[in-house]
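The values are calculated or read from the model by the stated rules, or taken from the named source; none is laboratory data. What you are looking at is a predicted structure, and each value in this text was computed from that prediction instead of being measured. Ideal geometry is used to build each Cβ from the backbone, glycine not excepted, and the neighbour counts take in all protein chains shown.
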């Protein structure tokens with residue numbers, strides 16, 4: 001888990017959690033378990049739906065930096081729009 005305080009703005013959080021998932025139907029026949037584990041990325045707003053199992057050190061660092069840059073852009077847009085990021089319903 002990596003947490004970067006951005007006070008007074010929203011804190012950046014990057015976590016990797018093991019999650020049990022059903023074994024895909026295309027898995028090799030030698031797999032006897034009905035489930036396997038994925039390492040999924042979770043940010044402050046929840047799970048991101050992708051697996052980082054098998055990522056090398058540099059790939060994982062790159063993913064963390066990508067997510068951090070997205071968070072910084074979100075904060076910038078949030079400041080510029082006065083906290084309104086979605087258009088008003090008509």
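Before moving on, here are some points about what is shown:
- Pairs meeting the criteria (first residue in the range 70-90 and under 19 Å from residue 45 (Cβ atoms), second residue modelled with pLDDT under 85, beta carbons under 7 Å, at least 6 apart or on different chains) are 77/85; 78/85.
- Residues satisfying the stated conditions in the range 43-52, i.e. in a strand (DSSP E or B) and surrounded by 13 or more Cβ atoms within 10 Å (Cβ to Cβ): 43, 48, 51
- The residues listed here are 18, 24; of these, the one that is assigned to a loop (DSSP other than H, G, I, E, B) and exposed (fewer than 13 other Cβ atoms within 10 Å of the Cβ) is 24.
- Residue within the range 30-42 that is modelled with pLDDT of 95 or more, surrounded by 10 or more Cβ atoms within 10 Å (Cβ to Cβ) and under 28 Å from residue 83 (Cα atoms) present: yes
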